[in-house]
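The values are calculated or read from the model by the stated rules, or taken from the named source; none is laboratory data. Remember, it's a predicted structure, so these values are computed and weren't measured experimentally. Note: ideal-geometry Cβ built from the backbone for every residue, glycine included; neighbour counts use all protein chains shown.
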Amino acid sequence: MKAYTINKYTKDRLLLVDVSSPKVGDDEVLIEIHAAGINLLDTKIKTGEFKLLLPYKFPLILGHDVAGIITQVGKNVKKFKVGDEVYSRPADFHIGAFAEYIAISENDVAFKPKNLTMEEAASIPLVALTVWQAFVERARLKEGQKVFVQAGSGGVGTIAIQLAKYFGATVATTASTKSFEMVKTLGRIY
Ligand SMILES: NC(=O)c1ccc[n+]([C@@H]2O[C@H](COP(=O)([O-])OP(=O)(O)OC[C@H]3O[C@@H](n4cnc5c(N)ncnc54)[C@H](OP(=O)(O)O)[C@@H]3O)[C@@H](O)[C@H]2O)c1
């Protein structure tokens, strides 16, 4: 299969190369990738900024956000079948969405909402999980509370505003002037 790789920490472009397709473990599904999100974390791993936290080996296929169609399932997989449309944030050290195929544990995969395109779905997983951890698992955000979202126009911020509004919170945020209208629109969705 074709994949974009890096061979070392670099500021250069990704390399498009031929690599063997991933082997599918018993608990994994193979996903034909239709869309991949580019996350800030990909950039930080690529340049080496995250090497102490996430010491990846090379060559490395980056990509933490993926949407696609299942083409193969491992023998223990219960929840999914070939042909299912899914999206995922693969676990650390199992990333690799900048490729034609990726094998991911079924526990890290979810059905793609039918009202989202592949591109829209691939923009969601890591930023949404980040916000979910902060608002739901840590802060236990409740209706009527006030939330301050720093940098509301970014990947994390746009999801944070929408999720906070969904939970009935009041949101204050920061953005540069070019983003003012866009962040206000996010607050009016719910
Ligand atoms: N992406 C993830 O999944 C993820 C996960 C965990 C943690 N994080 C962390 O969360 C932070 C945001 O990540 P992101 O992915 O949302 O980044 P992003 O999409 O690049 O958005 C960053 C936002 O920050 C604003 N900004 C840039 N420079 C600024 C400055 N000097 N002062 C104030 N605002 C500034 C920009 O908004 P304006 O242009 O409107 O000013 C931009 O929209 C980063 O620190 C990242 O490491 C991200």
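Brief remarks follow.
- For first residues located in the range 109-137 and not assigned by TED's automatic domain parsing to the domain that holds residue 71, partners that are more than 9 Å from the ligand (Cβ to nearest atom) and assigned to a helix (DSSP H, G or I) and lie 6+ apart or on another chain with Cβ distances below 6 Å form the pairs 131/163; 135/163.
- Residue 152 being farther than 28 Å from residue 60 by Cα and either among the small types (Gly, Ala, Ser) or assigned to a loop (DSSP other than H, G, I, E, B) (or both): yes
- Of all the criteria given as (1) within 18 Å of residue 38 (Cα to Cα); (2) at pLDDT below 95, the one not satisfied by residue 121 is (2).
- Filtering the range 141-190 to residues that are of a type in the set (D, E, K, R) and in contact with a Ser or Thr (Cβ under 9 Å, 6 or more places away or on another chain) leaves 146, 178.
- Some residue of the range 113-122 being touching a helix residue (DSSP H, G or I) at 6+ places or on another chain (Cβ under 8 Å) and surrounded by 16 or more Cβ atoms within 10 Å (Cβ to Cβ): no
- Only one of 105, 88, 153 that is under 30 Å from residue 19 (Cα atoms), within 16 Å of the ligand (Cβ to nearest atom) and touching a residue at least 24 places away in the same chain (Cβ under 8 Å): 88
- Residue 128 buried (at least 17 other Cβ atoms within 10 Å of the Cβ), within 12 Å of the ligand (Cβ to nearest atom) and more than 28 Å from residue 67 (Cα to Cα): no
- So residue 86, is it part of a loop (DSSP other than H, G, I, E, B) and either over 14 Å from residue 39 (Cβ atoms) or in the same structural domain as residue 155 (by TED's automatic domain parsing) (or both): no
- When 104, 161 are screened for being touching a Pro at 6+ places or on another chain (Cβ under 7 Å) and among the hydrophobic types (A, V, I, L, M, F, W, C), only 104 passes.
- Looking across the range 162-190, just one residue is loosely packed, with under 13 Cβ neighbours inside 10 Å, of a type in the set (Gly, Ala, Ser) and either outside the structural domain of residue 146 (by TED's automatic domain parsing) or within 13 Å of the ligand (Cβ to nearest atom) (or both), and that is 176.
- The listed residues are 8, 51, and the only one of them that is within 16 Å of the ligand (Cβ to nearest atom) and charged (D, E, K, R) turns out to be 51.
- Options 55, 59; residue that is in the same structural domain as residue 23 (by TED's automatic domain parsing), without any contact (Cβ under 8 Å) to a residue 12 or more places away in the chain and not β-branched (Val, Ile, Thr): 55
- Exclusive hit being closer than 23 Å to residue 18 by Cα, assigned by TED's automatic domain parsing to the domain that holds residue 10 and either assigned to a loop (DSSP other than H, G, I, E, B) or over 15 Å from the mean Cα position of the chain (by Cα) (or both), set 97, 67: 97
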